[in-house]
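See below for the structure under consideration.
The values are calculated or read from the model by the stated rules, or taken from the named source; none is laboratory data. Everything numeric here is computed off the predicted structure, so don't read it as measured data. FYI the Cβ positions are ideal-geometry reconstructions off the backbone, even for glycines, and counts take in every protein chain you see. Side chains are part of the model used for accessible areas, which takes the heavy atoms of the whole protein and leaves out ligands, DNA and RNA. Shrake-Rupley method; radii C 1.70, N 1.55, O 1.52, S 1.80 Å.
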Amino acid sequence: MKKSNIALLGLCALTLFFASCKNEAKKEEVATTDSTAANTLADGTYNIDVAASSVNWKGDMLGLYNHYGTISIKEGTVDVKEGKISGGNIVIDMSSITPKDSAYGKDNPKEKLIGHLASNDFFNTKDFAVSSFKITGSENNTVKGELTVRDKTNPETVKEVVVTPSANGMTASAKLIFNRQNYGVAFKMPVKDKVLSDSIQLDINLTATK
């Protein structure tokens, strides 16, 4: 075979090879784009599924033990604009505070703690039946808003926010730590060697649909 024919065959082979690579790249690009689109949070208002959502709370007795438990979401919405959380409001039922820890005894049963948390020393749930968090915007993995407890409102930042789009809505997890003193939850331990932390932690898990 002449050298010119060999060169021609080589050129054809290279052309087919690069064409094949180009087509594979296009397929990969389309797949990536489609995957990204599927994971984009659609704009609109999402209604929180209160039965599928949860809020866990924790308060520390510094150097001794901690109390923790659950509290229920009464209702709520989350607004999304340009793929980001932009607004919404979450309402908490304060009468639903339920301890889940085991730091109790004969003289200090769980029921005593529930009654104390509901009293004026803490959340005064008789006069302030709900608390709320009004979302004002988000940035990266934080959500900013206004927390209202006992009719006192302060700006707060929800951190470690992870949002996952679903077929008909979203799921989200986040953490909020706030200072109870800023909301008139000002109870101090009467015993000198027991110190109740001012920080209350909320671990939030939401399921919402459009």
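Odds and ends about this structure:
- Residues that are of a type in the set (D, E, K, R), more than 11 Å from GLY137 (Cβ to Cβ) and in contact with a Ser or Thr (Cβ under 6 Å, 6 or more places away or on another chain) within region 75-94 comprise just one, ASP93.
- For region 42-71, taking the residues that are closer than 14 Å to VAL91 by Cα and in contact with a strand residue (DSSP E or B) (Cβ under 7 Å, 6 or more places away or on another chain), the one that is surrounded by the most Cβ atoms within 10 Å (Cβ to Cβ) is identified as ILE48.
- Every residue from region 103-131 that is open to solvent by 60 Å² or more (accessible area, probe 1.4 Å), within 20 Å of ILE92 (Cβ to Cβ) and not basic (Lys, Arg): ILE114, ASN120, ASP121, ASP127, VAL130
- Any hit, region 189-198, residues being modelled with pLDDT of 95 or more and either loosely packed, with under 13 Cβ neighbours inside 10 Å or closer than 18 Å to ASN89 by Cα (or both): no
- For region 149-172, the tally of residues that are open to solvent by less than 40 Å² (accessible area, probe 1.4 Å) and either under 23 Å from ALA52 (Cα atoms) or at pLDDT below 95 (or both) stands at 6.
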